[in-house]
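First up is the structure itself, then whatever we jot down about it.
The values are calculated or read from the model by the stated rules, or taken from the named source; none is laboratory data. Source: prediction; values computed, not measured. Here the Cβ is made from the backbone with ideal geometry for all residues, glycine too, and neighbour counts use every protein chain on show.
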Amino acid sequence: MKISPEIEDNHSNRVTPNPIPNLEVKTITSFVLVTDKLRSSDVVFHYFYKRCLCGCIMKSKLSKQEIQAKIREFFEDVENKTPKQVKKIKKLAMSKNISLKEKRKSFCKKCLVAFKNPKTRIRNKIKSVTCRNCRYISRWKLK
Ligand SMILES: [Zn+2]
């Protein structure tokens, strides 16, 4: 009588330490139980849900520092950028309250064309740059 419980204990100790197969069986059975119609609607729902979620994450994914780095990279080669790209980067900077500061002076305020060897004059401590595209004259005080 005393020996048999010990044997049972040993037996149970051997069986218990693997709970993973059980979980697998559960998921498989639940998958089988769901009808085809339900499954397809579920798939469609999850597809759109995931897409929406991804869109939200992608929009908010860029942190302020990442955007700052992007802007820095953009203005290193600003001369070869189109006005559309300049507008886009300006909007991006504005969305995170990042001031472009000196970088602001590298493109025309009116038509957003990047300055390429513009007409530059200095008079009475005021620097004036004429846009070759729209002839708008930007003026900045020199410090
Ligand atoms: Zn211009």
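In table form, for the structure just shown:
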{"quantity": "Only listed residue being under 23 Å from ILE137 (Cα atoms) and in a helix (DSSP H, G or I), chosen from LYS90, LYS70", "calculated": "LYS90"}
{"quantity": "Answer from LEU92, LEU112, LEU100 - the residue that is within 14 Å of the ligand (Cβ to nearest atom) and either touching a residue at least 40 places away in the same chain (Cβ under 8 Å) or surrounded by 14 or more Cβ atoms within 10 Å (Cβ to Cβ) (or both)", "calculated": "LEU112"}
{"quantity": "So GLN85, is it at negative phi, of a type outside the set (Phe, Trp, Tyr), at pLDDT 95 or above and assigned to a helix (DSSP H, G or I)", "calculated": "yes"}
{"quantity": "Residues being within 16 Å of LYS81 (Cβ to Cβ) and within 10 Å of the ligand (Cβ to nearest atom) - total across segment 115-136", "calculated": "5"}
